[in-house]
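As structure tokens, the structure follows; a few thoughts come after it.
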């Protein structure tokens, strides 16, 4: 969060002005962070969680929203 505020201050040319984060309405910014997994991430998940997939009947299929 701090690094983002520094970037905002630079873009707005705010030198010594303070930004009060309590007055920011972050929901109004409509920031959506999407998680995308590459092949290495998928392999790591499948390898690391193999016990849970096999013993608790979880699906090994990665949801399409992460692909």
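Every number in this text was worked out from the coordinates using simple rules, so none of it is lab data. Since the model is a prediction, treat every value here as computed from it, not as a measurement. Positions of Cβ are backbone-derived with ideal geometry, glycine not excepted, and every protein chain shown enters the neighbour counts.
How far apart, in nm, are two points set 7 Å out from the Cα along the Cα-to-Cβ line at residue 48 and at residue 16?
4.6 nm
Do the sum for the chain: with -39,500 (n - 2.57) for every DSSP H run of n ≥ 4, divided by all residues, what is the mean residue ellipticity at 222 nm, to the nearest 500 deg cm²/dmol?
Computed mean residue ellipticity for the chain: -11000 deg cm²/dmol.
Please build a GNM for the chain, connecting alpha carbons under 10 Å apart, and tell me which residue among 47, 11, 36 fluctuates the most.
Comparing 47, 11, 36 in the GNM, the peak value goes to 11.
Using alpha carbons only, how many degrees (0 to 90, rounded to 10) separate the axis of helix 39-48 from the longest principal axis of the chain?
60 degrees
So how tilted is helix 2-11 from the main axis of the chain? Cα-based, degrees 0 to 90, rounded to 10.
50 degrees
Against the 2.2 N^0.38 Å scaling, with N counting residues, where does the chain land? I'd like the Cα-based Rg ratio to two decimal places.
For the chain, the normalised Cα radius of gyration is 1.85.
Return the single residue from 50, 12, 37 with maximal mean-square fluctuation; model: Gaussian network over the chain, springs between Cα atoms under 10 Å.
12
If each residue of separation counts as 0.36 nm, what is the full-extension length gain between residue 35 and residue 4 once their alpha-carbon separation is subtracted?
Using 0.36 nm per residue and subtracting the Cα-Cα distance, I get 9.3 nm.
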